[in-house]
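First the structure, in the form of structure tokens, and then the observations on it.
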Amino acid sequence: MDYTNLWAGCAKKKSIVGIIGATRGYGYTLLAQIPKVEYMELRVICSRHSEECFDVLTEIGYEKDNMVLCRSKEEILQAGENKILIVEDYKLVIECGITALVECTGNTEISSAAAMMALKRGINVYMVSKETDSVCGPVLNKTAEENHAVYALVNGDQPRNLLDLYSWGRALGLEIIAAGKASEYDFVWDYETGELTYTDGTDNMKILPEMKECWRYGGIETLQKRKELLKSYTEVISADLCEMNLVSNVTGLIPSSAFLSYPIAKTSELADIFIPEEDGGILKKTGVVDVFYNLRGKDEASFCGGEFIIVRCENKKMWDLLRSKGHVMSKNGKYACIYLPYHYMGLETPLSILLGDLSGLGTHPECRQISVMAGVAQKNIEKGTVLKVAGHHHSIEGLEPELIERKSADDLAPFYLLNGATLLREVKKGQPVTLRDVELSGNAFEIYKQGLKL
């Protein structure tokens, strides 16, 4: 898309932004970018740590004299329209005259409540908390449509970037066989020294000369050898499955398998891997979402947790020409991989906000609970255990996530509704946590149940 003149007629309009969960990670990157974006200004940030808000905003370059801490609606009204407000109660954010609410807490209960409050007031909502969208997305999209507001996932995170790529392909009439992303970290191998590094920020380096035997792709056997060599590093990652859950619910694409495929692959190999088994690939069905681990040489660029679609090549002459341009295609010429090797977090997010606030684009009323993310016990988990979402990947100790088509999900409990839930009975190793195993309540659970009726 050419953004040059997209908002040329909006000189008097601005997106007035409020952010919940603003000071760390994703929220920080967005705060840092907003001052550089035309048509946009920051009005309010919400965090339980108000002093941290002052420090972070000052570090970024906002003027401390222009910030005001408000603890009530009355204080907000008295603060002045040109001040940046800091609040500790998320309910106050929608009282600040904003047009855009950006939700970054990752807390399903809080973010679903905040989103519903905003949408019912006609305030646009931009959801960074993928955990919330995985269980509440269908109803939040519907609520936005009913209230003439926008509910949107955000660019900078893989689900929205992949949805944009998917919609681009569909608009061009391409048949999409699979859509997916790279997991967060790469396997980097030095062909000369045999050093292999896993880029998760730890000291995960080892000498692995055996990689030479499966460095060149020769078919499914190559993937099996790589998986065996690197099995101590690989796992099913909650964040990955959650992100594919979001894409599934909007597009109608289904999970390739309950735990997704996670082949260890180079970018150049994707069009030979994410294709049907009868053509030499790994897919037992098409129209799926999936994830891979990126393998690359020490001097090769990363996929950066980016996104891809695999499309069918229907006109041989056209695709032979495209192959000559260097595009990634399968050896049999039937499939191509089109990809975006990036997701820039909050640096990209202003585009989603402007598309929503100034152009009214973003809501997906067709969103449905196509797949459900659940949790399978990795060991026997005792009755009375309190389940807790924690860590960088927002995982639950003792549970391995799985992504199941809704029609096969029966009464599985959604993974991100389990935070803080107490097991009512023992869950045996290999069994999923069901709605009978826990007592769920709260705003997010009620929204989830509404979504199942759509």
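Could you say whether any residue in the stretch 70-81 is out of contact with any His (no Cβ under 8 Å at 6 or more places or on another chain), under 21 Å from LEU354 (Cβ atoms) and crowded, with 17+ Cβ neighbours inside 10 Å?
So the first thing to find is which residues in the stretch 70-81 are out of contact with any His (no Cβ under 8 Å at 6 or more places or on another chain), and the list is 70-81.
Subsequent filtering for residues that are under 21 Å from LEU354 (Cβ atoms) retains 81.
The next check asks that each one be crowded, with 17+ Cβ neighbours inside 10 Å; those that pass are none.
The answer is no, given that none of the residues of the stretch 70-81 is out of contact with any His (no Cβ under 8 Å at 6 or more places or on another chain), under 21 Å from LEU354 (Cβ atoms) and crowded, with 17+ Cβ neighbours inside 10 Å.
Test of understanding: among GLY442, GLY451, which residue is open to solvent by 10 Å² or more (accessible area, probe 1.4 Å) and more than 30 Å from CYS10 (Cα to Cα)?
On inspection, the qualifying residue turns out to be GLY442.
Yes or no: the stretch 293-304 includes at least one residue that is farther than 17 Å from ALA178 by Cβ, open to solvent by less than 10 Å² (accessible area, probe 1.4 Å) and small (Gly, Ala, Ser).
Yes, that holds for at least one residue.
List pairs: first in the stretch 134-154 and closer than 18 Å to SER371 by Cβ and at pLDDT 95 or above, second in a strand (DSSP E or B) and open to solvent by 10 Å² or more (accessible area, probe 1.4 Å), Cβ under 7 Å, 6+ apart or cross-chain?
none
Identify, from the list LEU347, LEU358, LEU418, LEU351, the residue that is touching a residue at least 24 places away in the same chain (Cβ under 8 Å), surrounded by 14 or more Cβ atoms within 10 Å (Cβ to Cβ) and either in contact with an Asp or Glu (Cβ under 9 Å, 6 or more places away or on another chain) or closer than 22 Å to SER248 by Cβ (or both).
On the way: LEU347 fails: either in contact with an Asp or Glu (Cβ under 9 Å, 6 or more places away or on another chain) or closer than 22 Å to SER248 by Cβ (or both); LEU358 fails: either in contact with an Asp or Glu (Cβ under 9 Å, 6 or more places away or on another chain) or closer than 22 Å to SER248 by Cβ (or both); LEU351 fails: either in contact with an Asp or Glu (Cβ under 9 Å, 6 or more places away or on another chain) or closer than 22 Å to SER248 by Cβ (or both).
Going through LEU347, LEU358, LEU418, LEU351 in turn, the sole match is LEU418.
Would you mind stating whether LEU196 is surrounded by 16 or more Cβ atoms within 10 Å (Cβ to Cβ), in contact with an Asp or Glu (Cβ under 6 Å, 6 or more places away or on another chain) and hydrophobic (A, V, I, L, M, F, W, C)?
No, not satisfied.
From LYS449, LYS379, LYS429, which residue is among the basic types (Lys, Arg), modelled with pLDDT of 95 or more and assigned to a helix (DSSP H, G or I)?
Being among the basic types (Lys, Arg), modelled with pLDDT of 95 or more and assigned to a helix (DSSP H, G or I) holds for just one of LYS449, LYS379, LYS429, which is LYS449.
Going through the stretch 101-122 one residue at a time, which ones are buried (at least 24 other Cβ atoms within 10 Å of the Cβ) and either among the acidic types (Asp, Glu) or in contact with a helix residue (DSSP H, G or I) (Cβ under 6 Å, 6 or more places away or on another chain) (or both)?
Correct list: LEU101, GLU103, CYS104, THR108, SER111, SER112, ALA114, ALA115, ALA118, LEU119.
Could you please find all residues in the stretch 272-303 being charged (D, E, K, R) and touching a strand residue (DSSP E or B) at 6+ places or on another chain (Cβ under 9 Å)? Can you show your working first?
From the stretch 272-303, those charged (D, E, K, R) are 272, 277-279, 284-285, 290, 296, 298-300; that's our starting set.
Selection gives ASP272, GLU277, ASP279, LYS284, LYS285, ASP290, ARG296, LYS298, GLU300.
If you check every pair at least six apart or on different chains, which have Cβ atoms under 9 Å apart with a residue in the stretch 33-58 that is over 8 Å from ILE86 (Cα atoms) and among the β-branched types (Val, Ile, Thr) first and a residue that is open to solvent by 60 Å² or more (accessible area, probe 1.4 Å) and not in a helix (DSSP H, G or I) second?
ILE34/GLU41; VAL56/ARG24
Cβ-Cβ below 6 Å, separation at least six or inter-chain, first residue in the stretch 280-292 and over 14 Å from ILE220 (Cα atoms), second hydroxyl-bearing (Ser, Thr, Tyr) and in a strand (DSSP E or B): which pairs?
Listed pairs, sorted by first residue: VAL291/SER183.
Please go through (1) within 24 Å of ALA152 (Cα to Cα); (2) in a loop (DSSP other than H, G, I, E, B); (3) open to solvent by 50 Å² or more (accessible area, probe 1.4 Å) for GLN369 and return the number of the only condition it doesn't satisfy.
Failed condition: (3).
Among the candidates VAL236, VAL247, single out the residue that is open to solvent by 10 Å² or more (accessible area, probe 1.4 Å), out of contact with any His (no Cβ under 6 Å at 6 or more places or on another chain) and closer than 29 Å to TYR344 by Cα.
Checking each option against the conditions leaves just VAL236.
Give the residues of the stretch 381-406 that are basic (Lys, Arg) and either open to solvent by less than 60 Å² (accessible area, probe 1.4 Å) or touching a Leu at 6+ places or on another chain (Cβ under 6 Å) (or both), sorted by residue number.
LYS383 - this is the single residue of the stretch 381-406 that is basic (Lys, Arg) and either open to solvent by less than 60 Å² (accessible area, probe 1.4 Å) or touching a Leu at 6+ places or on another chain (Cβ under 6 Å) (or both).
Which ones in the stretch 2-24 are among the polar types (S, T, N, Q), in contact (Cβ under 8 Å) with a residue 12 or more places away in the chain and open to solvent by 10 Å² or more (accessible area, probe 1.4 Å)?
Of everything in the stretch 2-24, just one residue is among the polar types (S, T, N, Q), in contact (Cβ under 8 Å) with a residue 12 or more places away in the chain and open to solvent by 10 Å² or more (accessible area, probe 1.4 Å), namely THR23.
Would you say LEU424 is surrounded by 14 or more Cβ atoms within 10 Å (Cβ to Cβ) and farther than 17 Å from ASP133 by Cα?
When the stated conditions are applied, LEU424 does not pass them.
Check LEU69, LEU77 and return the single one that is in contact with a strand residue (DSSP E or B) (Cβ under 7 Å, 6 or more places away or on another chain), of a type outside the set (Val, Ile, Thr) and on the phi < 0 side of the Ramachandran plot.
Exactly one residue qualifies, and that residue is LEU69.
Against the conditions (1) out of contact with any Asp or Glu (no Cβ under 7 Å at 6 or more places or on another chain); (2) surrounded by fewer than 22 Cβ atoms within 10 Å (Cβ to Cβ); (3) over 21 Å from GLY346 (Cβ atoms), where does VAL56 fall short? Just the number, please.
For VAL56, the exception is condition (3).
Being open to solvent by 70 Å² or more (accessible area, probe 1.4 Å) and either aliphatic (A, V, I, L, M) or in a strand (DSSP E or B) (or both), is that true of even one residue in the stretch 324-337?
No: zero hits.
Examine the stretch 35-50 for a residue that is of a type outside the set (A, V, I, L, M), in a helix (DSSP H, G or I) and open to solvent by 20 Å² or more (accessible area, probe 1.4 Å), and state whether such a residue exists.
yes
The values are calculated or read from the model by the stated rules, or taken from the named source; none is laboratory data. This is a predicted model, so every value here is computed, not measured. As a convention, Cβ positions derive from the backbone with ideal geometry for all residues, glycine included, and neighbour counts pool all protein chains shown. Note: accessible area is taken over every heavy atom of the protein model, side chains too, but ligands, DNA and RNA are not part of it. Shrake-Rupley method; radii C 1.70, N 1.55, O 1.52, S 1.80 Å.
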